[in-house]
Amino acid sequence: MNASPAAVPARADLHTHTALCKHASGLPHEYLAAAQSAGLAYLGVSDHFPAPAGYDAEFRMAPSDLPRYFEILRSLREEAAGGPVQILAAAEFDYVPGRMDEVFDALAPVRSEFDYLLGSVHYVGDFAFDDPGKLDEWPRFGVDAVWDVYLNDLDAFVGLGGFNVLAHSDLPKKFGFRPTDYESAVRRISEIYRKAAAKGICLELNTAGLRVPADEIYPALPLLRAAFEAGMQITLGSDAHKPEHVAYAFDRAAALARSVGWTTHTAFVKGEPVALPL
Ligand SMILES: [Zn+2]
Ligand SMILES: [Zn+2]
């Protein structure tokens, strides 16, 4: 008898990008091939949604690119048909204070095209705090002020809802800047997680944090514990901006999630949650 390799759970990567966002590389079929070799059951394509008009235009597709995006998703789905990986259509959209009506208006006519949506905060005011090109702007705001505004916005975003997955929820730690009073930040985020849990919003374990100076999955362990206690379900996301990052460090993320207490993670098919083993 040959020793058979340990079974790899068929997981879902719900956070990946395409070159349409202007800061990702690789062809869609290369992401699919990476998903196949990682043994994934689902590959969620979740590129940056182009709304409101003109917002963050350098780092996302233009509204006029949306038909092309849906075309990419359709042909990827065709290519994947009959294979082990199911393609999920998604988008990552942002909280933009004062302009959420425009965002939801832009989403409404295409919402039925998506299996699920990721909700993210990438800006504090006009400051793209996660942009490595803007590192020298941190002193203009100050670390605690960035976190303070970020958490207010995250709270407001969860209050509005309209998305299935709360993405990289402690993103301002990306370059290693953590709030001075970490305990009180954890308490504030725990409160946000309780609101999210009540709305059925999942928490994303995002492994991109392991590829940046924070050197830690988003969100940090104390926050994972708070989310578990709040009753949130989780998703796994690599935040791949190139094919080789698909399913990045998922064994490590799954082990972390299991150590906190989760036994499953979630995929969304046409908005319906599907529980998968970790
Ligand atoms: Zn991106
Ligand atoms: Zn993001």
Here are Ala257, Ala214: which of them is part of a helix (DSSP H, G or I), at pLDDT 95 or above and either aliphatic (A, V, I, L, M) or farther than 25 Å from Arg77 by Cβ (or both)? Ala257
Tyr42 vs. criteria away from ligand 2 (no atom under 16 Å from the Cβ) and under 15 Å from the mean Cα position of the chain (by Cα): yes
Reported set for region 220-259 where residues are within 16 Å of ligand 1 (Cβ to nearest atom), closer than 19 Å to Asp170 by Cβ and of a type outside the set (S, T, N, Q) is Gly237, Asp239, Tyr248
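So, in region 112-155, of the ones that are within 16 Å of ligand 1 (Cβ to nearest atom), in a loop (DSSP other than H, G, I, E, B) and not hydrophobic (A, V, I, L, M, F, W, C), which residue ends up farthest from Ala167 (Cα to Cα)? Give the steps one after another, and end with the answer.
Of all residues in region 112-155, those within 16 Å of ligand 1 (Cβ to nearest atom) come to 117-123, 128-134.
Now narrow it down to the ones that are in a loop (DSSP other than H, G, I, E, B): 121-123, 128-131.
Add one more test, that the residue is not hydrophobic (A, V, I, L, M, F, W, C), and what stays is 122-123, 130-131.
Numbers: His122: 10, Tyr123: 14, Asp130: 13, Asp131: 16 Å.
Out of the qualifying residues, it is Asp131.
Every residue, every condition in (1) charged (D, E, K, R); (2) over 22 Å from Phe163 (Cβ atoms); (3) surrounded by 16 or more Cβ atoms within 10 Å (Cβ to Cβ); (4) without any contact (Cβ under 8 Å) to a residue 60 or more places away in the chain, yes or no:
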position: Cys202; (1), (2), (3), (4): no, no, yes, no
position: Leu221; (1), (2), (3), (4): no, yes, no, yes
position: Ala226; (1), (2), (3), (4): no, no, yes, yes
position: Gly237; (1), (2), (3), (4): no, no, yes, no
position: Ala240; (1), (2), (3), (4): no, no, yes, no
position: Tyr248; (1), (2), (3), (4): no, yes, yes, yes
position: Ala254; (1), (2), (3), (4): no, yes, yes, no
position: Ser259; (1), (2), (3), (4): no, yes, no, yes
Enumerate the pairs (first residue in region 261-274 and assigned to a strand (DSSP E or B); second residue anywhere and at pLDDT below 95 and crowded, with 22+ Cβ neighbours inside 10 Å) with beta-carbon separation below 6 Å, excluding pairs fewer than 6 apart on the same chain, so at least 6 apart or on different chains. none
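For the subset of region 226-254 comprising residues that are part of a helix (DSSP H, G or I) and not aliphatic (A, V, I, L, M), which member is nearest to ligand 2 (Cβ to nearest atom)?
Initially, region 226-254 is screened for residues part of a helix (DSSP H, G or I), giving 226-230, 243-245, 250-254.
Remaining after also requiring not aliphatic (A, V, I, L, M): 228-229, 243-245, 250-252.
Details: Phe228: 22, Glu229: 25, Pro243: 18, Glu244: 18, His245: 13, Phe250: 18, Asp251: 22, Arg252: 20 Å.
Ranking the qualifying residues of region 226-254, first place goes to His245.
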May I ask you to list the residues in region 52-61 that are within 15 Å of ligand 2 (Cβ to nearest atom) and either under 17 Å from the mean Cα position of the chain (by Cα) or in contact (Cβ under 8 Å) with a residue 40 or more places away in the chain (or both)? Tyr55, Asp56, Phe59, Arg60, Met61
Restricting attention to region 62-111, and to residues there that are assigned to a loop (DSSP other than H, G, I, E, B) and touching a residue at least 40 places away in the same chain (Cβ under 8 Å), which single residue is nearest to ligand 2 (Cβ to nearest atom)? Tyr95
Filter region 203-219 for residues that are out of contact with any Pro (no Cβ under 9 Å at 6 or more places or on another chain), within 16 Å of ligand 1 (Cβ to nearest atom) and of a type outside the set (A, V, I, L, M, F, W, C) and give the result. Thr207, Arg211, Tyr218
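Name the single residue that is surrounded by the fewest Cβ atoms within 10 Å (Cβ to Cβ) among those in region 117-133 being among the charged types (D, E, K, R) and within 15 Å of ligand 2 (Cβ to nearest atom).
In the first step, residues of region 117-133 are kept if they are among the charged types (D, E, K, R); the result is 126, 130-131.
Those left that are additionally within 15 Å of ligand 2 (Cβ to nearest atom): 130-131.
On the way: Asp130: 19, Asp131: 17.
If we take residues in region 117-133 being among the charged types (D, E, K, R) and within 15 Å of ligand 2 (Cβ to nearest atom), then Asp131 is surrounded by the fewest Cβ atoms within 10 Å (Cβ to Cβ).
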Over region 165-202, the set of residues within 21 Å of Asp130 (Cβ to Cβ) and in a loop (DSSP other than H, G, I, E, B) is Ala167, His168, Ser169, Asp170, Lys174, Phe175, Gly176, Phe177, Arg178, Pro179, Thr180, Ile201
Candidates Gly54, Gly39 - the one that is away from ligand 1 (no atom under 16 Å from the Cβ), under 25 Å from Ala128 (Cβ atoms) and either part of a helix (DSSP H, G or I) or out of contact with any strand residue (DSSP E or B) (no Cβ under 8 Å at 6 or more places or on another chain) (or both): Gly54
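The values are calculated or read from the model by the stated rules, or taken from the named source; none is laboratory data. What you see is a predicted model; the values in this text were computed from it and never measured. Quick reminder, even Gly has a Cβ in these numbers, built from the backbone with ideal geometry, and neighbours come from all protein chains shown.
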